[in-house]
1. Do you know which residues across region 81-109 are part of a strand (DSSP E or B) and buried (at least 16 other Cβ atoms within 10 Å of the Cβ)?
2. Kindly indicate which of Thr67, Thr42 is in contact with an Asp or Glu (Cβ under 7 Å, 6 or more places away or on another chain) and in a strand (DSSP E or B).
3. Of the residues that make up region 44-54, is at least one hydroxyl-bearing (Ser, Thr, Tyr), closer than 20 Å to Val101 by Cα and surrounded by fewer than 17 Cβ atoms within 10 Å (Cβ to Cβ)?
4. Taking only region 118-146 into account, find how many residues are under 14 Å from Gly75 (Cβ atoms) and among the charged types (D, E, K, R).
Amino acid sequence: MSGITNPAEAYFKDGLWTWDGSVWRKQPLLFGYTDNLLQRTTTSTLPAGAANVDLAAVPSSYVYVYTSLLFCYIGTPPTYAFVQIMRGGNPYELFSQLAPVSIQGYDREGWWVLKAADFVRLAIAGATLNDTAFIVGTGFALKINE
């Protein structure tokens, strides 16, 4: 590391560079904590057939890390329920439940990282008119500036 003494060099800026033994490299985004992430969306007037219940989309300049997701269906059991990450209009399934029992929570713990405009969706197939469903997500939010 000889010769690394000039504070005007980019690798001194904000501690964002790391010496790998041969060269200075910019570090990737460091995960930190900005705030709790506690979201819940409830719909008590589901349409018959296909229905979606969405958590709020990640705002720009944030990253959301969900560590727990739970959903519950209240009414006549639907055919299927899927918990998905929606990214760029495409669903990515996290978990699903065939004919979820009424008033039973279905949950998973993990580490799901969502970027701006992504959101979590509870997609229901075979819903009964005016039944209720809710989805809850918890974790933490990271404020980023890139």
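1. Initial filter on region 81-109 (part of a strand (DSSP E or B)): 81-87, 90-98, 104-109.
Passing the criteria: Ala81, Phe82, Val83, Gln84, Ile85, Met86, Leu94, Gln97, Tyr106.
2. The match here is Thr67.
3. yes
4. The total comes to 1.
Each value in this text was obtained by applying a stated rule to the coordinates, not by laboratory testing. Everything quoted here is computed from the prediction, not taken from an experiment. Cβ atoms come from the backbone with ideal geometry, glycine included; neighbour counts cover every protein chain shown.
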